[in-house]
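Coordinate-derived values only; no laboratory data. As the structure is a prediction and not an experimental result, all values here were calculated from the model. Heads up, the Cβs are rebuilt from the backbone with ideal geometry, glycines too, and the neighbour counts pull from every protein chain shown.
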Amino acid sequence: MEKIYEGKAKEVYSTENNSEYIIKYKDTATAGNGEKRADIFGKGELNLAITTAIFKMLEENGVKTHYVETMDNRQMKVKKVEIMPLEVIVRNISAGSFAKRYGVDEGIVFEVPTFELSYKNDDLGDPLMVEDHAIALGIITKEEYDYLKRETLKINDLLKDFFGKINLKLVDFKIEYGKDGNGNILLADEISPDTCRLWDKDTNQKYDKDIFRRDLGDLIEGYKEVLNRING
Ligand code: C5P
């Protein structure tokens, strides 16, 4: 296996199969574009298990993803895609950068979910990107933008339902898409408490990376609780 990419939380390897990659989930946690960083033993394993359950659920509901199989407690086999340099974010409830940008409280429940893009570029700090700019830079076409928005809002409905059943509110989340060799757009990367905000429906307790970002306690205990609820 040849390592072809190393990100903050994952490593990507090529395999002898030219149409597949292997993604290894790391224990590294980062926040604020890498300014805060720690190795938290067990995080990679939990995120892989949670991502696996979610990608299986999405596939069962007709979402096209890069998921092939989970090989062991660290590695996932996926279809080879080229990741689009976009962070696709949906918000159901105000929090995080939204609350900061507009000077509003966290916890405002939106009547309609918001859909936004950021340009995935660490050097620039992942700036917010409007549709026309993504098209102007040739990152996506208008048709692809419309498809991403439709697909992403469908994923939001499925995720809200999935987490709602285990008494968690899906506040917001980030996903990434990639293109396979035939130009098909597939949901890629991960969906885990690293990439979603999840609050308990009754207590609003946080079960996501804000535990780390804001020093709210034991991240592993929080992520384990999410996995335990998923596993019933
Ligand atoms: O920070 P912000 O409020 O914009 O984050 C919105 C959602 O996107 C959160 O669930 C956060 O975990 C996720 N996110 C992410 N990776 C980033 C930025 C945001 O997973 N680089």
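Once Rg and the Kirkwood radius are both taken over the C-alpha atoms of the chain, their ratio Rg/Rh works out to 0.93. Label-to-label distance for Arg229 and Thr203 is 1.1 nm, based on points extended 7 Å past Cα in the beta-carbon direction.
Rounded to the nearest 20 debye, the dipole magnitude of the chain is 280 debye, with +1 charges on Lys and Arg beta carbons, -1 on Asp and Glu beta carbons, and the Cα centre as origin.
For segment 1-59, the C-alpha radius of gyration divided by 2.2 N^0.38 Å, with N the number of residues, is 1.27. Counting pairs of Cα atoms in segment 82-218, how many percent are more than 25 Å apart? So the pairs more than 25 Å apart make up 28 percent of the total in segment 82-218. Only DSSP H runs of four or more residues enter the estimate; each adds -39500 (n - 2.57), and after division by the residues of the chain the mean residue ellipticity at 222 nm equals -9500 deg cm²/dmol. Database remark: amide H of Ile140 closer than 5 angstrom to the amide H of Ile135 (H placed geometrically; neighbours at sequence offset of 5 or more, or on other chains; Pro and chain starts carry no H). Starting from the Cα of Asp72, step 7 Å along the direction of its Cβ; do the same at Glu59; then give the gap between the two resulting points in nm. Distance between label points: 2.1 nm.
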